[in-house]
Amino acid sequence: MFQILPRRFLSAILPGLLAAVIALPLPWAGVQAAARIHHGPALVVASTEPQLGPAQDAAFFQPFRQATGQSVTRRAWTGALSDLESHGVQAGGNASAWSMVFAEDTTIRAACMQGLVVHLAGSATNPDGCGAPGLGTQVVVAWDQTWRDSAPRWSDFWDIVRFPGKRGLRRDPRTTLEIALLADGVPPAQVYGQLSTPQGVDRAFRKLSQLRPYITWWSTPNEAAILLSHKQVLMGSAPLEAVNGVTARGEPVRIGVNADMALSYDLSWAVVAGQSAERLGKSRDLLHFIVQPDRQGAFVAAMPAGSSTPAHPAALLPVDVQFWQVNYAPLSRRFALWLRKAG
């Protein structure tokens, strides 16, 4: 899933990363000077991409503790805004409250609109100030190569007669509705135009209904990879980095990837609202630390071999963040209703 940013690309976006947090009060020199100060409970960072935890520990969280004395604890997050609210603004600023989150842009922007994360200064790469840019990501067609060598396309995904077997899809309207329209023959450039109309939304759900008996749903990157590595599905939509992780672990399974069918989107960091003033300052210090050029370079170096490629290379369809910022709530309700009726 993750198209890790190479050094030459990092040099191009780092000004935007730094501008995105320019409103945060302390420069990094102030963070370094704070190393001698006694620190309280660990900052809690919740992520929808827990498989990135080891690389984030190595590049960000462990060096931050060494530099400041402030420890960081990771938590897995489904991306549900209700969970963010309960662990943020409703947590009353207690020590177990979440301090920062890492998730896809559509989630961060929805949280920003609801006041669940701190609004940062805008930048060229993030004009509305909802989070600081993190990674470029992809969802691809992945399949069991013991079944065939040639790469399937989204149209093959729906062809149960020629390719009988289970299919893995994300239990979320994001990327799933786009994939349904692509499989139904809608050109990539027209997908969001279709989804902006009631007729186009109906078309996407009709297409999903055709496949419904054969779908096994996943909610996290790890779940998508497990479905493939355990041969529970013949093919699936899957985050690329999660698939690469299966190969890196040397599991006895051959999973192919059709990156030509990729849907690309971005992930961002955000500071959680509702924290005490002291913890809010520490969270901002951590965000300052993460966006430093040397830390970004260390993150690239910590990622598994084979994951380092330019951001969004030749993606079939870049996910439209503005579309989902407006339409995620109503389409999520429609998707949940469809799941209940179909189930």
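The values are calculated or read from the model by the stated rules, or taken from the named source; none is laboratory data. Being a predicted model, the structure only gives us computed values, none of them experimental. Note that each Cβ is placed from the backbone with ideal geometry, even for glycine, and that neighbours are counted across all protein chains shown. All accessible areas refer to the heavy atoms of the entire protein, side chains included, with ligands and DNA or RNA removed. Shrake-Rupley method; radii C 1.70, N 1.55, O 1.52, S 1.80 Å.
Computed quantities for the displayed model
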item	result
Positive-end residue, segment 184-296 charge dipole about Cα centroid, Cβ charges, pick of Ala277, Ile255, Gln210	Gln210
Normalised contact order of segment 42-198, rounded percent, pairs of Cα under 8 Å and 6 or more residues apart	16 percent
Extension gain (nm, one decimal) between Arg212 and Arg162, 0.36 nm per residue minus Cα-Cα	16.3 nm
Cα-projected label distance for Ala67 with Leu337, points at 7 Å along beta-carbon direction, nm	4.9 nm
Exposure of Ser219 as accessible area (Å², to 10), given a probe of 1.4 Å and all protein chains	60 Å²
Partner lysines for Lys207 [C-alpha distance under 25 Å; skip if fewer than 8 residues away on the same chain]	Lys166, Lys231, Lys341
In range of the label at Gln90: residues from segment 259-285 whose backbone nitrogen is under 19 Å from the point 7 Å along Cα→Cβ	272-276
Listed residues Tyr192, Tyr214, Tyr328 arranged by accessible area, highest first, probe 1.4 Å	Tyr214, Tyr328, Tyr192
5 angstrom amide H check on Gly129, placed H, neighbours 5+ away	Ser123
Cys112 accessible area, 1.4 Å probe, all protein chains in place, Å² to nearest 10	20 Å²
Nonlocal amide H pairs with Ser71, under 5 Å, H built at 1.01 Å	Leu43
Exposure of Glu85 as accessible area (Å², to 10), given a probe of 1.4 Å and all protein chains	70 Å²
